[in-house]
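Participant: Can you read through this structure? Questions will come right after.
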Amino acid sequence: MELKLTDISPLERYKLLIGLVIPRPIAWISTVNEAGVNNCAPFSFFNVLCEEPPLVVTSFNVRSDGDTKHTLKNIQRTGEYVVNLVDEVNADAMHISSYEFPEAESEFEKAGLTPAPCAVVKHPRIAEAAASFECKVWKRMEVGPGRELVFGEILVVHAREGVIDPASKRISETAYNPIGRLFAARYCTTRQRFDLPGGLSSLAPGKTD
Ligand SMILES: Cc1cc2nc3c(=O)[nH]c(=O)nc-3n(C[C@H](O)[C@H](O)[C@H](O)COP(=O)(O)O)c2cc1C
């Protein structure tokens, strides 16, 4: 099969791309709005790009009513935000926080999350998150109708006790169990890990978590 992307609709492109490029990491972005309401929402058009400078990128589309996403509004207003990383214990809360709540309602309250202060940025981080990056906007790019890329420079990293070894800075494979986004409401764990060459054969075929 061969598909020219100019021949298919944006919705078909979306379905194709999010179904093929899997799993995707999830940026669980937390911000506070002008009225002081804490907001958080997941974004899986996201990745880390570089360590010098330490950059992440997130892609925003619009809400279903065509409005700018609250997260993006808060980023545009302040030039700062927090990327929290999602692991298994926070999977449900992350998914609940993706619902389109009105601006005056806090996803922290809806999903039972605790806002914690940051060291440098004015937005809250999610206390329950495995790790959090305090970010300042490095560049913003409008890339299409209602589509904006935000590049963020990571200023400070927070991690839950046990996730980062203080001496080696290695990440604990037992303490950190991230989930990945597949498509729609489907996710995956990272429990079946292996070394190459050869290690994949040690996993039983068809074996799941
Ligand atoms: C796992 C997951 C990943 C998502 N990824 C994106 C994304 O990359 N870009 C985007 O604009 N919306 C994405 N969404 C939708 C937003 O989370 C959703 O629109 C949310 O309500 C935005 O909240 P806000 O208006 O408070 O910012 C995703 C939703 C889920 C569940």
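Computed from the coordinates by the stated procedures, all read-outs in this text should not be read as laboratory data. A quick note: this is a predicted structure, and the numbers were derived from the prediction, not measured. No Cβ is skipped: glycine too gets one built from the backbone with ideal geometry, and neighbour counts run over all protein chains shown.
Participant: When only DSSP loop residues count, what chymotrypsin sites (Phe, Trp or Tyr not before Pro) in region 84-190 have their Cβ near at most 12 other Cβ atoms within 10 Å? Before the final figure, lay out the partial values.
Facilitator: Working: sites: Y99, F108, F133, W138, F151, Y176, F183, Y187; in loops: Y99, Y176, F183.
Sites meeting the loop and neighbour criteria: Y99.
Participant: What is the magnitude of the charge dipole of region 17-77 about its Cα centre, with +1 placed on the Cβ of each Lys and Arg, -1 on the Cβ of each Asp and Glu, and no other charges, expressed in debye to the nearest 20?
Facilitator: Values: 5 positive and 5 negative charges, 31 e Å.
The calculated dipole for region 17-77 is roughly 140 debye.
Participant: By its C-alpha gyration tensor, with a ≥ b ≥ c as the square roots of the eigenvalues, how is region 123-209 shaped: rounded for a/c under 1.5, else prolate for a/b larger than b/c, else oblate?
Facilitator: Details: a/c = 2.25, a/b = 1.38, b/c = 1.63.
Oblate, because a/c is 1.5 or more while a/b does not exceed b/c.
Participant: Suppose we flag GluC sites (Glu not before Pro) only when DSSP calls them loop and at most 10 other Cβ atoms lie within 10 Å. Which is the longest uninterrupted stretch of the chain? Display every interim value, and only then the final one.
Facilitator: Values: sites that count: E2, E34, E161, E173.
So the longest stretch without any such site is 35-160.
Participant: Taking the Cα centre of region 24-188 as the origin and placing charges on Cβ (Lys, Arg +1; Asp, Glu -1), which of A185, P124, L155 is farthest toward the positive end of the dipole?
Facilitator: Comparing the listed Cα positions along the dipole, L155 ranks first.
Participant: Looking at the square roots a ≥ b ≥ c of the eigenvalues of the Cα gyration tensor of region 24-188, which shape do they give, rounded for a/c under 1.5, prolate if a/b is larger than b/c, or oblate? Walk me through the intermediate numbers first.
Facilitator: Details: a/c = 1.41, a/b = 1.27, b/c = 1.11.
In terms of gyration-tensor shape, rounded.
Participant: Given +1 on the Cβ of Lys and Arg, -1 on the Cβ of Asp and Glu, and no further charges, what dipole in debye does the chain carry about its Cα centre, rounded to the nearest 20?
Facilitator: For this selection, approximately 340 debye.
Participant: To the nearest 0.05, how large is the calculated FRET efficiency for Y14 and E109 if R₀ is 22 Å and r is the Cβ-Cβ distance? Before the final figure, lay out each step's value.
Facilitator: Working: r = 30 Å, r/R0 = 1.37.
E between Y14 and E109, to the nearest 0.05, is 0.15.
Participant: Strictly over 25 Å apart at the Cα level, which of K15/K136; K4/K139; K136/K169; K110/K169; K15/K110 would you flag in this model?
Facilitator: Values: K15/K136 31 Å; K4/K139 30 Å; K136/K169 23 Å; K110/K169 34 Å; K15/K110 28 Å.
As for pairs spanning more than 25 Å Cα to Cα, those are K15/K136; K4/K139; K110/K169; K15/K110.
Participant: Do the sum for the chain: with -39,500 (n - 2.57) for every DSSP H run of n ≥ 4, divided by all residues, what is the mean residue ellipticity at 222 nm, to the nearest 500 deg cm²/dmol? Before the final figure, lay out each step's value.
Facilitator: Numbers: 4 runs with 30 residues, N = 209.
About -3500 deg cm²/dmol.
Participant: For the charge dipole of the chain, defined by +1 on Lys and Arg C-beta atoms and -1 on Asp and Glu C-beta atoms about the Cα centroid, which residue among I171, L49, S97 has the Cα displaced farthest towards the positive pole?
Facilitator: About the Cα centre, the residue reaching furthest to the positive side is L49.
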